[in-house]
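Chemist: Got a structure here, written out as structure tokens. Questions coming.
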Amino acid sequence: ECRRLYPDQPNPLQVTAIVKYWLGGPDPLDYVSMYRNMGSPSANIPEHWHYISFGLSDLYGDSRVHEFTGTDGPSGFGFELTFRLKRETGESAPPTWPAELMQGLARYVFQSENTFCSGDHVSWHSPLDNSESRIQHMLLTEDPQMQPVQTPFGVVTFLQIVGVCTEELHAAQQWNGQGILELLRTVPVAGGPWLITDMRRGETIFEIDPHLQERVDKGIETDGSNLSGVSAKCAWDDLSRPPEDDEDSRSICIGTQPRRLSGKDTEQIRETLRRGLEINSKPVLPPINPQRQNGFTHDRAPSRKDSLESDSSTAIVPHELIRTRQLESVHLKFNQESGALIPLCLRGRLLHGRHFTYKSITGDMAITFVSTGVEGAFATEEHPYAAHGPWLQILLTEEFVEKMLEDLEDLTSPEEFKLPKEYSWPEKKLKVSILPDVVFDSPLH
């Protein structure tokens, strides 16, 4: 595929892992190739550097890195990353920092087995090139030139990294990634048709064209958010009974081992997120699906989100032995970044009849908020708090959501926020705490 695009560059510059991952090295990508793309000035596509990763897909077919699953399924994780960086005047060689950025994303995929899909976002919270740039986060989309390829070891698609500002990331969270990508394509200096990242861009698309904010606001009001879940620093406590009587709940340690989500629980949560990203789909929590291979399923549609996966070998308690429990009172705990998404969860998801899941980044628990319009949930209006092992579901009525949005209004103003912060609704027996990150880095969570 690279030869097809760049027949004049048969030996591109490459950044290579010194010690290959399959020999114990820290970098999952074998190498990153870097090409010079001349663009198309007449189509507002500037000259740029084109980076392409090798290693998220199966390069060898002998199970040294990825299990071979046949030619019809995905090759390895089923995708490779690309990145298009605007070439600076006088630049004769491509900067190498994008290769390290790709290695960082690849490490996340290999360690978590969470794959990326077009429309996903990545909160990075740092200039991508370690400069003073406003480009500090990423969206992912299909590469405009690289076509999916059928290899002897499966199918590979190409997902392009697009650098964005904080305001654009927040808009993608509140509405949807695809919508923001479409807006970026209409603004030449913010990406243009091929979504080329310019690290020197100093203005957001909303500063360049204020009318675009109106389109986002209208989209949020009409569509809600299609962000159906995030990996987060979070935890929950059952306040209905003392911890020492706790055999089936949450993220507190059982002995010295934290409770882990079983493979089947994780599969159901993952399916929940996949379906949650299908616009106009009926909001349904799907039945538990035991069909898993090596920690992920191979029948997924490429347009759906695969964001909550873990190897079923991490399960400590067999799924069948865990009963679903109704809880009287719960205490939810989030770090500030996760807590700031609660209004999005309530306004953009639940008020549109959908659901939203927080999954602990340690993989040991999950919290799913559901509205009364979601079918298949084990939380009900009669018993709005229910737990299946370490997976908590909370059903919130529209009336209570409106009340919570009023009370949580200051979560949207992080500059005025002092931690820890606590919100409580005694009549609902619900408490929410926003805590410093360090709390979640302790062994308990």
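Chemist: Roughly what percent of Cα-Cα pairs across segment 1-107 reach past 20 Å?
Modeler: When all Cα pairs of segment 1-107 are counted, 46 percent exceed 20 Å.
Chemist: Applying the Karplus parametrisation 6.51 cos²θ - 1.76 cosθ + 1.60 with θ = phi - 60° to the phi angles of segment 55-71, what ³J(HN,Hα) value in whole Hz is obtained for each residue in order, glycine and proline being reported as x?
Modeler: So the Karplus estimates, Gly and Pro as x, are x, 6, 8, 7, 8, 10, x, 10, 6, 5, 10, 10, 6, 6, 10, x, 7 Hz.
Chemist: Please list, ordered by chain and number, the residues whose modelled amide H lies under 5 Å from the amide H of residue 377; skip anything fewer than 5 residues away on the same chain.
Modeler: Answer set, sorted by chain and number: 285.
Chemist: Give me the 1.4 Å probe accessible area per residue for segment 1-223, excluding ligands and nucleic acids, in Å². Walk me through the numbers on the way to the answer.
Modeler: Details: 9970 Å² over 223 residues.
With the other protein chains kept in place, segment 1-223 gives 45 Å² per residue.
Chemist: Through the Karplus equation 6.51 cos²θ - 1.76 cosθ + 1.60, θ set to phi - 60°, convert the phi angles of segment 75-87 into ³J(HN,Hα) values in whole Hz; use x for Gly and Pro.
Modeler: My calculation for segment 75-87 gives 7, x, 7, x, 8, 10, 9, 10, 7, 10, 10, 4, 7 Hz in order.
Chemist: Counting other C-beta atoms within 10 Å, and keeping those with at most 14, which DSSP coil trypsin sites (Lys or Arg not before Pro) do you find in segment 369-438?
Modeler: On the way: sites: 403, 418, 421, 428, 429, 431; in loops: 418, 429.
When the trypsin sites (Lys or Arg not before Pro) of segment 369-438 are filtered for loop state and at most 14 Cβ neighbours within 10 Å, 418 remain.
Chemist: Using a 1.4 Å probe and counting only protein heavy atoms, arrange 201, 107 so the residue with the most accessible area comes first.
Modeler: Most to least solvent-accessible, the answer reads 107, 201.
Chemist: Could you state how much accessible area residue 422 has, in square angstrom rounded to the nearest 10, with a 1.4 Å probe and all protein chains kept in place?
Modeler: Its accessible surface works out to 110 Å², give or take rounding.
Chemist: Right, another one. Sequence gap at least 6, Cα distance under 8 Å: using those rules, report the relative contact order of segment 1-223 to the nearest whole percent.
Modeler: 18 percent
Chemist: Follow-up. Taking just the alpha carbons, could you work out the radius of gyration and Dmax for segment 333-377, both in angstroms?
Modeler: Considering segment 333-377 through its Cα atoms, Rg and Dmax are 11.1, 30 Å.
Chemist: Quick one: with all protein chains in place, what share of the accessible area of segment 99-186 is carbon or sulfur, to the nearest percent (1.4 Å probe)?
Modeler: Of the solvent-accessible surface of segment 99-186, carbon and sulfur hold 51 percent.
Chemist: What FRET efficiency would be calculated for the residue pair residue 100, residue 398, taking the C-beta separation as r and a Förster radius of 60 Å, to the nearest 0.05?
Modeler: Plugging the Cβ-Cβ distance into 1/(1 + (r/R0)^6) gives 0.85.
Chemist: Here's something else I'd like to know. Using +1 at the Cβ of each Lys and Arg and -1 at the Cβ of each Asp and Glu in segment 1-223, identify which of 126, 89, 197 lies farthest towards the dipole's positive end.
Modeler: 89
Chemist: Just to check I understand the Karplus step: with θ = phi - 60° and J = 6.51 cos²θ - 1.76 cosθ + 1.60, what whole-Hz values come out for segment 48-53, glycine and proline as x?
Modeler: After applying 6.51 cos²θ - 1.76 cosθ + 1.60, I find 7, 9, 10, 9, 9, 8 Hz.
Chemist: Please give, to one decimal in nm, the separation of the simple spin-label points placed at residue 412 and residue 8, each 7 Å out from Cα toward the Cβ.
Modeler: Each label point is offset 7 Å from its Cα along the Cβ direction, giving 5.1 nm.
Chemist: Just the C-alpha atoms of segment 1-223: what Rg/Rh do they give, with Rh taken as the Kirkwood radius?
Modeler: 0.97
Chemist: What ranking, highest mean first, results for peptides 346-355, 19-28 when packing means the other Cβ atoms within 10 Å averaged over each residue?
Modeler: Output ranking for 346-355, 19-28: 346-355, 19-28.
The values are calculated or read from the model by the stated rules, or taken from the named source; none is laboratory data. Just so it is clear, the model here is predicted, and its values are computed rather than measured. Don't worry about glycine lacking a Cβ; one is built from the backbone with ideal geometry, like all the others, and counts go over all protein chains shown. With ligands, DNA and RNA removed, areas are computed over all heavy atoms of the protein, side chains included. Shrake-Rupley method; radii C 1.70, N 1.55, O 1.52, S 1.80 Å.
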